[in-house]
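Engineer: Quick one: the structure is below, questions incoming.
The values are calculated or read from the model by the stated rules, or taken from the named source; none is laboratory data. Owing to the predicted nature of the structure, the values given are computational and were not obtained by experimental measurement. Note that we place each Cβ from the backbone using ideal geometry, even for glycine, and neighbour counts take in every protein chain shown.
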Amino acid sequence: MAKDIYESPLNSRYSSAEMKYIFSPDFKFRTWRKLWIALAESEQELGLNITDEQIEELKEYKDDVNYEVAAKHEKLVRHDVMAHVHAYGEQCPKAKPIIHLGATSCYVGDNTDIITMTQGLTLVQKKLVNLLDRLSEFAIEYKDLPCLGFTHFQPAQPTTVGKRASLWLQDLLLDFSAVEYQLSCMKLLGSKGTTGTQASFVELFDGDEEKIKQLDKKIANKMGFTDCFAVSGQTYPRKLDYQVLATLSGIAQSASKFSNDLRLLQHLKEVEEPFEKNQIGSSAMAYKRNPMRSERITSLSRYVIANAQNPAMTASTQWFERTLDDSANKRISVAESFLAIDAVLELYINVVTGLVVYPKIIEKRLMSELPFMATENIMMTAVKKGGDRQELHEKIRVHSMEAGKVVKEQGGENDLLERIAADESFGMTLDELKAVMKPSNFVGRAPMQTKEFVEEQIKPILEKYDHLLGIDIEINV
């Protein structure tokens, strides 16, 4: 890699080889040639004077793109599509007269963009399936481990480590459904002509509207799609770019939520992201284990979320049948959103695969707060022994405030149970009070909720897409 020119870190540092190829020039220009072949075959099938020999010649060179020749033509004609038409024509002299017949530049440009986004979404779907698999395993493994819950990042009713993971899973399930739906909506532009009227094909097919309608369907089928947009200007609707990037933004939102939770848990020393044997956390503080991977997830996710605004603005500012102020923007925003979300998903899978849980720390923190949360249970038990509910409520309030002062102002241990045991109004010994303090008594249906959720909603997806499971992730740290 040249060291004297800028290169996007998404390319050099973060994204996978698979995603980078999907958005590479080679993928683009090979797809252009496939589209030209699909157009020629379809036109032949519908009666135009195109020979088998011409089509075979096009197929012979479909993957042999003569880039240097194309570059020379583009320097002369200042038009990338026509440069590649001429370059392809030099390789295929018999087919040269019928390459790009009746089409406009958007035939190859826009259809390729849709194919590229579809391939990108398919790879995103594959990685989401693997993430759902790894995270659901974690959720089931820790479904019974009680931990302190938080609302407003303040101690709240206990939950379990696995149940908390099920919340991350729930977000990803919504994202997976959105990806499935978006893939089902992907349509080609087809071959609509300069303003979407198919006027050139009216001329080519002598006004035979049925053949013109069949042309789009044939092209779509040959390129692996079921349909084309019924109407368009010169381009496919730019709202499609927004819908695709909004789907990626949804994944980024879920990933960022997970990584932020994990960073807080790592601060609490309850759960950590993987930390390699020779990894350095800080150049100054040798003891540190910074949550670098989670921070990178948050950082790249923020980029994807912000980038989704680009196609929204582009779609809203297109004039009539088309303007070209979309071109430069979409080349960057669409590609880089895919490269960034690819990196996010790989990091997410990597982190989940190596999560480190510290049950003793989790238990210690939970037990330091549990006496406060057990007060309602304690009060009910004391009432059964003949106590006055209202009087006991006030006494618990006072004892709780005093115990809180010991913890916050003196740095001492929570002595609420000792205070209640010493109060004859409750009629309970310290051993009786401690018996109430079993953490599993306070997690409600968290373990079963987690088990049911994974079995009923995640496993059917994993079974349907089991052929996508088993990818290996190696991240650049």
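Engineer: Where the second residue is modelled with pLDDT under 95 and not in a helix (DSSP H, G or I) and the first is farther than 16 Å from Asp227 by Cβ and aliphatic (A, V, I, L, M) and lies in the stretch 182-203, which pairs have Cβ atoms under 7 Å and are six or more apart or on separate chains?
Structural biologist: Ala199/Gly193
Engineer: With respect to the numbered conditions (1) exposed (fewer than 14 other Cβ atoms within 10 Å of the Cβ); (2) farther than 24 Å from Pro155 by Cβ, which one is the sole condition not fulfilled by Val352?
Structural biologist: The single condition Val352 does not satisfy is (1).
Engineer: Determine, yes or no, whether Ile5 is of a type in the set (Val, Ile, Thr) and buried (at least 20 other Cβ atoms within 10 Å of the Cβ).
Structural biologist: Details: of a type in the set (Val, Ile, Thr): yes; buried (at least 20 other Cβ atoms within 10 Å of the Cβ): no.
So Ile5 fails the test.
Engineer: Now a separate question. In this structure, does Lys239 turn out to be touching a Leu at 6+ places or on another chain (Cβ under 8 Å), among the basic types (Lys, Arg) and under 30 Å from Leu324 (Cα atoms)?
Structural biologist: For Lys239, the condition - touching a Leu at 6+ places or on another chain (Cβ under 8 Å), among the basic types (Lys, Arg) and under 30 Å from Leu324 (Cα atoms) - is not met.
Engineer: A further question on this structure: In the stretch 101-126, which residues are assigned to a helix (DSSP H, G or I) and over 17 Å from Leu245 (Cβ atoms)?
Structural biologist: Ser105, Cys106, Tyr107, Val108, Gly109, Asn111, Thr112, Lys126
Engineer: What's the total number of residues in the stretch 193-213 that are assigned to a helix (DSSP H, G or I), hydrophobic (A, V, I, L, M, F, W, C) and over 41 Å from the mean Cα position of the chain (by Cα)?
Structural biologist: Number satisfying all stated conditions: 2.
Engineer: Among the residues of the stretch 325-344, which ones are among the aliphatic types (A, V, I, L, M), over 16 Å from Ala246 (Cα atoms) and out of contact with any helix residue (DSSP H, G or I) (no Cβ under 7 Å at 6 or more places or on another chain)?
Structural biologist: If the condition is that a residue be among the aliphatic types (A, V, I, L, M), over 16 Å from Ala246 (Cα atoms) and out of contact with any helix residue (DSSP H, G or I) (no Cβ under 7 Å at 6 or more places or on another chain), then Ala328 is the only one that fits.
One line per residue, one yes/no per condition, for (1) in contact with a Phe, Trp or Tyr (Cβ under 6 Å, 6 or more places away or on another chain); (2) farther than 26 Å from Leu131 by Cβ:
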position: Ala306; (1), (2): no, no
position: Ala312; (1), (2): yes, yes
position: Asp325; (1), (2): no, yes
position: Ser333; (1), (2): no, no
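Engineer: Given the criterion modelled with pLDDT of 95 or more and more than 24 Å from the chain's Cα centre (by Cα), identify the matching residue among Lys126, Lys163, Lys187, Lys143.
Structural biologist: Working: Lys126 fails: more than 24 Å from the chain's Cα centre (by Cα); Lys163 fails: more than 24 Å from the chain's Cα centre (by Cα); Lys187 fails: more than 24 Å from the chain's Cα centre (by Cα).
Among Lys126, Lys163, Lys187, Lys143, only Lys143 is modelled with pLDDT of 95 or more and more than 24 Å from the chain's Cα centre (by Cα).
Engineer: What residue, among those in the stretch 8-36 that are of a type in the set (Gly, Ala, Ser) and surrounded by fewer than 19 Cβ atoms within 10 Å (Cβ to Cβ), is nearest to the chain's Cα centre (by Cα)? Step through it out loud before you land on a result.
Structural biologist: Taking the stretch 8-36 as the starting set, the residues that turn out to be of a type in the set (Gly, Ala, Ser) are 8, 12, 15-17, 24.
With surrounded by fewer than 19 Cβ atoms within 10 Å (Cβ to Cβ) added as a condition, the list becomes 8, 12, 17, 24.
Values: Ser8: 20, Ser12: 20, Ala17: 17, Ser24: 21 Å.
Looking at residues that are of a type in the set (Gly, Ala, Ser) and surrounded by fewer than 19 Cβ atoms within 10 Å (Cβ to Cβ), I get Ala17.
Engineer: While we're looking at this one, here's another question. Quick one: which helices (runs of 4 or more DSSP H) lie wholly within the stretch 380-451 and hold at least 3 residues that are touching a helix residue (DSSP H, G or I) at 6+ places or on another chain (Cβ under 9 Å) and farther than 29 Å from Val161 by Cα? Can you show your working first?
Structural biologist: Numbers: elements: 389-410, 416-421, 430-436.
Filter on the stretch 380-451 gives 389-410, 416-421.
Engineer: Would you check if there is a residue in the stretch 246-264 being farther than 26 Å from Gln309 by Cα and either of a type in the set (A, V, I, L, M, F, W, C) or not assigned by TED's automatic domain parsing to the domain that holds Pro311 (or both)? Reasoning before the result, please.
Structural biologist: Step one: filter the stretch 246-264 for residues farther than 26 Å from Gln309 by Cα, giving 262-264.
Imposing the further condition that a residue be either of a type in the set (A, V, I, L, M, F, W, C) or not assigned by TED's automatic domain parsing to the domain that holds Pro311 (or both) reduces the set to 262, 264.
Yes.
Engineer: Looking at Ser177, Ser232, Ser184, can you tell me which residue is assigned to a loop (DSSP other than H, G, I, E, B) and either in the same structural domain as Glu137 (by TED's automatic domain parsing) or closer than 30 Å to Leu355 by Cα (or both)? If you could, list the steps in order and put the result at the bottom.
Structural biologist: Numbers: Ser177 fails: assigned to a loop (DSSP other than H, G, I, E, B); Ser184 fails: assigned to a loop (DSSP other than H, G, I, E, B).
None of the other options fit; the residue is Ser232.
Engineer: So His73 clears everything in (1) touching a residue at least 40 places away in the same chain (Cβ under 8 Å); (2) assigned to a helix (DSSP H, G or I); (3) of a type outside the set (Val, Ile, Thr) except one condition, right? Which one?
Structural biologist: (1)
Engineer: Take the residues of the stretch 64-106 that are more than 36 Å from the chain's Cα centre (by Cα) and among the β-branched types (Val, Ile, Thr): which is farthest from Thr51 (Cα to Cα)?
Structural biologist: That would be Val77.
Engineer: Among the residues of the stretch 214-223, what is the count of those that are in contact (Cβ under 8 Å) with a residue 40 or more places away in the chain and either assigned to a helix (DSSP H, G or I) or surrounded by fewer than 18 Cβ atoms within 10 Å (Cβ to Cβ) (or both)?
Structural biologist: So the answer is 5.
Engineer: Here's a follow-up. Going residue by residue through the stretch 162-179, is there one that turns out to be closer than 30 Å to Arg33 by Cα, among the aromatic types (Phe, Trp, Tyr), out of contact with any Gly (no Cβ under 8 Å at 6 or more places or on another chain) and surrounded by 21 or more Cβ atoms within 10 Å (Cβ to Cβ)? Please lay out each step first, then the result.
Structural biologist: Just the residues of the stretch 162-179 that are closer than 30 Å to Arg33 by Cα, to begin with: 179.
Of the ones still in play, those that are also among the aromatic types (Phe, Trp, Tyr) are none.
No: the stretch 162-179 contains no residue that is closer than 30 Å to Arg33 by Cα, among the aromatic types (Phe, Trp, Tyr), out of contact with any Gly (no Cβ under 8 Å at 6 or more places or on another chain) and surrounded by 21 or more Cβ atoms within 10 Å (Cβ to Cβ).
Engineer: Determine, yes or no, whether Phe150 is surrounded by fewer than 23 Cβ atoms within 10 Å (Cβ to Cβ), of a type in the set (A, V, I, L, M, F, W, C) and closer than 15 Å to Leu169 by Cα.
Structural biologist: no
Engineer: Select, from Arg302, Arg322, Arg296, Arg331, the only residue that is at pLDDT below 95 and touching a Ser or Thr at 6+ places or on another chain (Cβ under 9 Å).
Structural biologist: Answer to the selection: Arg322.
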